[in-house]
Amino acid sequence: MTGFTRVRGTLVCDEVALDAIAREVGTPCHVYSAALLTSRFAALEQAMASVPHRLHYALKANSTLAIVRHLRQLGAAADVNSAGELEVALRAGFTPDQIVVTGVGKTRAELARAVSLGVAAINAESFGEIDRIEAAAIAAGRDARIAVRINPDVEAGTHRHISTGASTTKFGVSLDEARVMIREVARRPRLRIVGLHVHVGSQITTSVEPLARGAAIVADLARELMAGGVALEHLDLGGGLGIPYRAGQPVISPEAYAAAILPAVRETGLVILLEPGRWIVGPCGVLLTEVVDTKTRDAGTTFVIVDAGMTDLIRPALYEAWHEIEPVVSRDGAAVPVDVVGPVCETSDTFASARALPPVVVGDLLAIRDTGAYGAVMASNYNRRPLAAEVLVEAGRWRLIRRRQTIDDLLQWES
Ligand SMILES: Cc1ncc(COP(=O)(O)O)c(C=O)c1O
């Protein structure tokens, strides 16, 4: 079986015991399963097989070079959100025509780089950005390929910090603005509208409806534009498919997702682009951490203090997100409610509150599950904490794909 399973009481990743990795690499440490990455990518591909499509993996979810390279080798294309992600995508071997560039505040330098490379599309977010893309295209002496990001005014039904499709958010332009923008672009010789883009939000688990509505809205606009002579090539429906962070949590399957979005877009005949991030990589990673202290308050709360913190995984502090936590090597004994907290000087540095955990003692290893997406990428050096090591398990062996940062690394660009 691929991914993370328990064998004789020990948590393993594709047959490699996680305690063995932690002993050599130290903690905190992110561990990823290459086999699970492969099977999840294949499942999404399979679900979309009935239409011409491309899966532009959203590097924002996890842009560690080896992970990105693995997905490229599987046949993914790329969605990048910054100059840094663009360079990582290129170094992972993507060609510019496999890359779409997203982002609500692209700088002139980022636009110039994207235009001069000739990326598959720049997802344009405003009238001002169209002007800046045109200036970059004139300066580079080459045409720029643009997809207009539509704000469909759809509530995603997810955490408000990761909802992006409502008209009150900063993302995209309204349908009316898009129509004006596209007429405007037609008069600018260096610009070509090649697609429409929409992304309504992330970690969508309860209903396919927002995803289906977003798709239907851009499909309708595409038909209208094509009837008016606009030569579109693709519809980019963004990412957003959620994963079960809680054991047993019902989620939307790739098949249900495809069945919801495809009816509206299929008849346009356009190539369908998706920008999945979390669904592909989220379940493929765990964060290994060691218990460094325990203490029980008079009021009854027991704290399990671990060596990973919000600097290694910020989702619980940022969105009160739930991650399953389990000992790597099980001990006998009844589960008791504990607060699992990190060492950072913030009360929000809490991974779980009143969580039932089997008995643990100092030195035990815990695995925080489903940290493959928005884990290592959102890390920081707060409290001068070096970034954690990252390990990829592949074909029964593990290798370091990012070594642990050192204090010397941290100080090297300071005077
Ligand atoms: C424009 C865009 N595309 C794709 C994604 C990836 O989303 P997810 O990881 O939920 O699939 C995001 C995430 O916020 C996004 O903003």
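For (1) within 13 Å of the ligand (Cβ to nearest atom); (2) surrounded by fewer than 23 Cβ atoms within 10 Å (Cβ to Cβ), each residue gets a yes or a no:
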position	(1), (2)
M48	no, yes
H56	yes, no
K60	yes, yes
L65	no, yes
L74	no, yes
G84	no, yes
E87	no, yes
V101	yes, no
Residue count for region 159-179, restricted to those that are within 15 Å of the ligand (Cβ to nearest atom), in a loop (DSSP other than H, G, I, E, B) and in contact with a strand residue (DSSP E or B) (Cβ under 9 Å, 6 or more places away or on another chain): 7
Candidate set from region 118-134 (those that are over 19 Å from K170 (Cα atoms) and either assigned to a loop (DSSP other than H, G, I, E, B) or under 24 Å from the mean Cα position of the chain (by Cα) (or both)); member that is nearest to the ligand (Cβ to nearest atom): A121
Pairs where the first residue, in region 63-82, is touching a residue at least 60 places away in the same chain (Cβ under 8 Å) and not assigned by TED's automatic domain parsing to the domain that holds G372 and the second is within 15 Å of the ligand (Cβ to nearest atom) and open to solvent by 50 Å² or more (accessible area, probe 1.4 Å), C-beta under 7 Å, 6+ apart: S63/V377; A77/R54
Any hit, region 27-49, residues being without any contact (Cβ under 8 Å) to a residue 12 or more places away in the chain and in a loop (DSSP other than H, G, I, E, B): yes
Hits in region 381-401 - residues which are outside any loop (DSSP other than H, G, I, E, B), surrounded by 18 or more Cβ atoms within 10 Å (Cβ to Cβ) and among the charged types (D, E, K, R): E390, E394
Residue selected from region 321-337 under the condition farther than 23 Å from G285 by Cβ and in a strand (DSSP E or B), by the criterion most open to solvent (accessible area, probe 1.4 Å): P337
Tally, over region 126-141, of residues that are touching a residue at least 40 places away in the same chain (Cβ under 8 Å), open to solvent by less than 50 Å² (accessible area, probe 1.4 Å) and closer than 14 Å to R192 by Cα: 4
Candidates L318, L274, L313 - the one that is within 16 Å of the ligand (Cβ to nearest atom) and surrounded by fewer than 24 Cβ atoms within 10 Å (Cβ to Cβ): L318
Enumeration of residues in region 346-380 that are open to solvent by 40 Å² or more (accessible area, probe 1.4 Å), closer than 15 Å to I314 by Cα and not hydroxyl-bearing (S, T, Y): E346, R369, V377, M378
Which listed residue is open to solvent by 10 Å² or more (accessible area, probe 1.4 Å) and under 25 Å from V393 (Cα atoms), from T27, T107, T95: T27
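Which ones in region 180-204 are part of a loop (DSSP other than H, G, I, E, B) and open to solvent by 10 Å² or more (accessible area, probe 1.4 Å)?
If we filter region 180-204 for residues that are part of a loop (DSSP other than H, G, I, E, B), which is where we start, we get 187-190, 198-200, 202-203.
Once the filter is applied, which keeps residues that are part of a loop (DSSP other than H, G, I, E, B) and open to solvent by 10 Å² or more (accessible area, probe 1.4 Å), region 180-204 yields R187, R188, P189, R190, H199, S202, Q203.
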All positions within region 135-179 that are more than 23 Å from R108 (Cα to Cα), among the hydrophobic types (A, V, I, L, M, F, W, C) and modelled with pLDDT of 80 or more: V154, L175
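Here are I243, I280, I252, I272: which of them is out of contact with any strand residue (DSSP E or B) (no Cβ under 8 Å at 6 or more places or on another chain), in contact (Cβ under 8 Å) with a residue 24 or more places away in the chain and of a type outside the set (F, W, Y)?
Criteria check complete, one pass: I243.
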Meets criteria (crowded, with 24+ Cβ neighbours inside 10 Å, away from the ligand (no atom under 13 Å from the Cβ) and assigned by TED's automatic domain parsing to the domain that holds E184) for L288: no
Some residue of region 201-220 being on the phi > 0 side of the Ramachandran plot, more than 15 Å from the ligand (Cβ to nearest atom) and assigned by TED's automatic domain parsing to the domain that holds V80: no
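The values are calculated or read from the model by the stated rules, or taken from the named source; none is laboratory data. Small disclaimer: the values here were computed from a predicted structure and weren't measured. Ideal geometry is used to build each Cβ from the backbone, glycine not excepted, and the neighbour counts take in all protein chains shown. With ligands, DNA and RNA removed, areas are computed over all heavy atoms of the protein, side chains included. Shrake-Rupley method; radii C 1.70, N 1.55, O 1.52, S 1.80 Å.
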